[in-house]
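Read through the structure below, which is laid out as structure tokens, and then see the notes.
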Amino acid sequence: MFCPKCGTENPNNAKTCYSCGHDLENVCPSTQKKTAKTSTIAVISFIFALLSIAFIGSLPSVAPVKSTILLVVWAILLTAILSMVLGIIALVKIPNSKGRLKGLPYAVIGILISLFIFLIGLILPSLNVSPRPAREVRQKAQLHFINAALELFANKFYFNGYPPSDALDPTGKPYCGAMKLCEAVMGQDLMGFHPDSHFRRDGTNDYNNPLYGPATLQARKGPFLPIENANAYQLKDIYKDVGPFDRNSYVICDVFTKKRYSSKNTGMPILYYKADTSKNAHNLDNPDDPNNIYNYKDNYALLELGVPEEQDKKHPLFTDPKIFYEMTKNYMITTQSRPCRADSYVLISAGIDGLYGTKDDIGNFEMGWKPRQKGKNK
């Protein structure tokens, strides 16, 4: 019989579960429902991974105190190790449960996040930690966290893979990659993604029925990105003039916050671009090459809004779209021009200067490009 508490298979005459000690005398093997339970160990592994990210997020506030930094680093390492150990245990137990347990994505994502955080924790003591480097580490952790959320989304909706990033919604209204990213991992109201969504800006399905409201909460999936770690804000919180977009649309912002005209402290939107795997080009000279795997136009209208405090100031990534292809090029490949992450997606943070297309931009890929190399990155 299967233990109703942990899902472990036991002999039919067992009185207690040999794994967790749960009383089995009142459990009838012939009437047991073989419905899969989410593995508690896998979920705890995922939670510990999130906790390690939270500890990294606390670094800017403790940076002036070296003794406190060491304590936080030890907390990062400990939570990451616990997450990895529990995740590995879950990876063993779930396949051996004969369908009684589920939750492999939580275990896998927990292990991936914790491994990344563990490596960060190992190098932190050797760094001269100050608020700026700490925030850069925190930003890289946030992008890694978004990666994990997108993997959970793809796991739930594997038939569509990653969410689209094109500049318009199916009705032709401006709804860019940054906004579709937020809807996918959090929903348009930050309460979870609706499976019937086709990423329409107005949040309706093909029959014009609203998908995002209290009546649809039971049908939602996620949020895959916890709201306390998301830095999600509406466009009206960031920009005074939102151009062609809906002022109430949410985007996920980076950690480099500044006080906006709305009196809210926000970062800049995380730009999201999905790879078109049916294409095969990464043309550094022609951004409008129809065979480009990535399309710079996915977030071009958002870049056109300019810098929130100086909306007449233009982002380099807007004034020269070639920069997008230079900064996303995989410089490890020398035989031809290929982008980083050619089979998935790229994420870009504007960095501490708040400008897209400058040397302090941070991505979810190894950025080999530097502004001084412009015109030579071929």
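Name the shape class, rounded, prolate or oblate, that the alpha-carbon gyration tensor gives for segment 132-215, where a ≥ b ≥ c are the square roots of its eigenvalues, rounded holds for a/c under 1.5, and otherwise prolate holds if a/b is larger than b/c and oblate otherwise. It would help to have the intermediate numbers written out before the result.
Details: a/c = 2.06, a/b = 1.84, b/c = 1.12.
Judged from the Cα gyration tensor, segment 132-215 comes out prolate (a/c at least 1.5, a/b above b/c).
In nanometres, what is the gap between the two model label sites at Lys258 and Ile227, each 7 Å from Cα along Cα-to-Cβ?
2.8 nm
Once the piece of chain linking Asn265 and Ile89 is laid out straight, how much longer is it, given 0.36 nm per residue of separation minus the C-alpha distance between them? Don't skip to the answer; put the middle values down first.
On the way: separation 176, 0.36 × 176 = 63.36 nm, distance 4.08 nm.
Gain on stretching Asn265 to Ile89: 59.3 nm.
Please give the peptides 185-197, 141-153 ranked by average Cβ packing (other Cβ atoms within 10 Å per residue), highest first, as a rough proxy for protection. The partial results should precede the final answer.
On the way: 185-197: 20.5, 141-153: 22.3.
Top to bottom by mean Cβ count within 10 Å: 141-153, 185-197.
Suppose each label sits 7 Å from its Cα in the direction of the beta carbon; what would the Asp289-Phe157 distance come out to in nanometres?
3.0 nm
Do any of Lys240/Lys279; Lys37/Lys274; Lys236/Lys274; Lys173/Lys240; Lys15/Lys37 go past 31 Å between their Cα atoms, and which? Show your work: numbers first, answer last.
Working: Lys240/Lys279 37 Å; Lys37/Lys274 33 Å; Lys236/Lys274 25 Å; Lys173/Lys240 20 Å; Lys15/Lys37 21 Å.
Pairs exceeding the cut-off: Lys240/Lys279; Lys37/Lys274.
Among Ser344, Thr358, Ser263, flag the residue with its Cα farthest along the positive direction of the charge dipole of segment 241-378, charges on Cβ as +1 for Lys/Arg and -1 for Asp/Glu.
Thr358
Projected area of segment 162-378, taken from the Cα convex hull and averaged over every viewing direction, in nm²? Write down the numbers at each step before the final one.
Working: hull surface 48.3 nm².
Result: a mean projected hull area of 12.1 nm².
Considering only Leu211, Pro244, Pro226, whose Cα is most displaced toward the positive end of the charge dipole of segment 162-378, charges sitting on Cβ of Lys, Arg (+1) and Asp, Glu (-1)?
So the residue furthest toward the plus end is Pro226.
Give, rounded to the nearest 20 debye, the magnitude of the charge dipole that the chain has about its Cα centre when Lys and Arg contribute +1 at Cβ and Asp and Glu contribute -1 at Cβ. Numbers along the way, then the final one.
Details: 43 positive and 33 negative charges, 152 e Å.
Once rounded to the nearest 20, the dipole reads 740 debye.
Under the rule of at least 5 residues apart or a separate chain, name every residue whose amide H is placed under 5 Å from the amide H of Tyr273.
Val346
Applying the Karplus parametrisation 6.51 cos²θ - 1.76 cosθ + 1.60 with θ = phi - 60° to the phi angles of segment 348-354, what ³J(HN,Hα) value in whole Hz is obtained for each residue in order, glycine and proline being reported as x?
9, 9, 6, x, 5, 7, x
Compute the acute angle (0 to 90°) between the alpha-carbon long axis of helix 131-156 and the principal axis of greatest extent of the alpha-carbon atoms of the chain; round to the nearest 10°.
Helix 131-156 sits at roughly 60 degrees to that axis.
Using a ≥ b ≥ c from the Cα gyration tensor of segment 198-290 (square roots of the eigenvalues), is it rounded, prolate or oblate, where a/c under 1.5 gives rounded and otherwise the larger of a/b and b/c decides, a/b for prolate? Provide the component values of the computation, followed by the final result.
Details: a/c = 1.77, a/b = 1.14, b/c = 1.55.
Oblate, since a/c reaches 1.5 and b/c is not below a/b.
If Rh is defined by the Kirkwood formula over all Cα pairs and Rg also comes from Cα, what ratio Rg/Rh do you get for segment 240-359? Before the final figure, lay out each step's value.
Details: Rg = 15.2 Å, Rh = 15.3 Å.
When Rh is taken as the Kirkwood radius, the ratio is 0.99.
Describe numerically, in nm with one decimal, the distance between label points set 7 Å from Cα along Cα→Cβ at Asp312 and at Asn280.
Each label point is offset 7 Å from its Cα along the Cβ direction, giving 4.8 nm.
Mind listing the long-range amide H neighbours of Ala232? Cut-off is under 5 Å, sequence gap 5 or more, other chains count too, H placed in the peptide plane at 1.01 Å from N.
Residues meeting the amide H criterion: Cys253.
Note the full-extension length gain between Lys370 and Lys15 as 0.36 nm times their separation in residues minus their Cα-Cα distance, in nm to one decimal.
Working: separation 355, 0.36 × 355 = 127.80 nm, distance 6.64 nm.
121.2 nm is the gain from fully extending Lys370 to Lys15.
Give the long-range amide H neighbours of Thr204: residues separated by 5 or more places, or on another chain, with amide H under 5 Å away, using H modelled in the peptide plane at 1.01 Å from N.
Here Leu211 satisfy the definition.
Across segment 332-347, in residue order, what do the Karplus-derived ³J(HN,Hα) couplings come to in whole Hz, using 6.51 cos²θ - 1.76 cosθ + 1.60 with θ = phi - 60° and x for Gly and Pro?
6, 8, 9, 7, 7, 7, 9, x, 5, 6, 5, 10, 9, 6, 10, 10
Taking other Cβ within 10 Å of each residue's Cβ, how do Met84, Met327 sort, fewest first?
Numbers: Met84 21, Met327 28.
Fewest-to-most ranking of Met84, Met327: Met84, Met327.
For the chain, count the residues as N, evaluate 2.2 N^0.38 Å, and divide the Cα radius of gyration by that value, please.
Values: Rg = 23.0 Å, N = 378, 2.2 N^0.38 = 21.0 Å.
Computed over Cα atoms of the chain, the ratio equals 1.09.
Every number here is computed from the coordinates shown, using simple stated rules; none is lab data. Just so you know, these numbers come straight off a predicted model, no measurement behind them. Positions of Cβ are generated from backbone atoms using ideal geometry, with glycine treated the same way; all protein chains shown enter the neighbour counts.
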